[in-house]
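Data first, discussion second: the structure below is written as structure tokens.
The values are calculated or read from the model by the stated rules, or taken from the named source; none is laboratory data. On a predicted model such as this, the values are computed, not experimentally measured, just so you know. Ideal geometry is used to build each Cβ from the backbone, glycine not excepted, and the neighbour counts take in all protein chains shown. The accessibility values were calculated without ligands, DNA or RNA, using every heavy atom of the protein model including side chains. Shrake-Rupley method; radii C 1.70, N 1.55, O 1.52, S 1.80 Å.
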Amino acid sequence: MSEKETRESGGSPEASGVTVSDIQELIRRKEEIEAQIKANYDLLESKGIGMNEPLVDCEGYPRADVDLYQVRTARHNIVCLQNDHKAVMKQVEEALHQLHARDKEKQARDLAEARKEAMSHGLGQSQDLSPAQAFAIVNSISLGSPASIAGLQVADEIVEFGSVNTQNFQSLQNIGTVVQHSEGKPLNVTVIRRGEKYQLRLVPTRWAGKGLLGCNIIPLQR
């Protein structure tokens, strides 16, 4: 069974091996389907007809003012494509859930290992593992965006965003500058989530929505 078939059969995150590239491919497929749906709607519109108008006249004869074959084909295509769109959106949602679940498990293991290592070197948690000071917070995330794919979540408090940290942060323009100069390049982002610190890798990328991140960040008011 191929990797794609494994994913579609609903295997576990470990079995399916879902990656960011897999999710990006699903999003490209979604966009292709949306473009095909629009093309078929445009065809119907060019014929002056929609999805529900009758194709026979008042006497029950096929209408002579429209190309019945083209209209029926377009309507059939739209119905099939809408079903495909619903299916691929479900795959995107499941893939994101699997990726986030796997990342959460890895982050928990990494944190446990870090604590163990700190204790083995005689370092107290108050020295190395105390929560760092955050300077901004995430207040919205768009599904399927680079921020969502990276694992960023609403209410994450940002401690580091690439080269921006508490010491040098002055305004959101600092983050904007880093993002603009890092398109297609991974950025290390450190956040505090429910009291725990998480390290994420965010790649600013052009996607179906606005901007390169697909999230909204505001300064944190203490």
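Listed values for the stretch 78-89 are Karplus-derived 3J(HN,Hα) couplings in whole Hz (6.51 cos²θ - 1.76 cosθ + 1.60, θ = phi - 60°), namely 4, 4, 5, 5, 5, 5, 4, 5, 4, 5, 6, 5, and x replaces Gly and Pro. Which value in Å is the Kirkwood Rh of the chain over different Cα pairs? Kirkwood hydrodynamic radius for the chain: 20.9 Å. The packing ranking, built from the mean of other Cβ atoms within 10 Å per residue, places the peptides 20-32, 133-145 in the order 133-145, 20-32, highest first. Ordering of 102-109, 89-96, 155-162 by packing is 155-162, 89-96, 102-109, highest average first (other Cβ atoms within 10 Å, averaged per residue).
The phi torsions of the stretch 137-145, fed into the Karplus equation with coefficients 6.51, -1.76 and 1.60 and a -60° offset, translate into couplings of 9, 8, 10, 6, 9, 9, 4, x, 7 Hz, rounded to whole numbers, with Gly and Pro shown as x.
Accessible surface calculations at 1.4 Å, restricted to protein heavy atoms, place the chain at 62 Å² per residue. Taking the square roots of 5 times each eigenvalue of the Cα gyration tensor of the stretch 16-124, largest first, gives ellipsoid semi-axes of 56, 10, 8 Å. Surface composition of the stretch 135-206: carbon plus sulfur atoms contribute 47% of the solvent-accessible area (1.4 Å probe, protein chains only, all chains present). Here the stretch 136-219 yields Rg over Rh of 0.92, to two decimals, using C-alpha coordinates and the Kirkwood radius.
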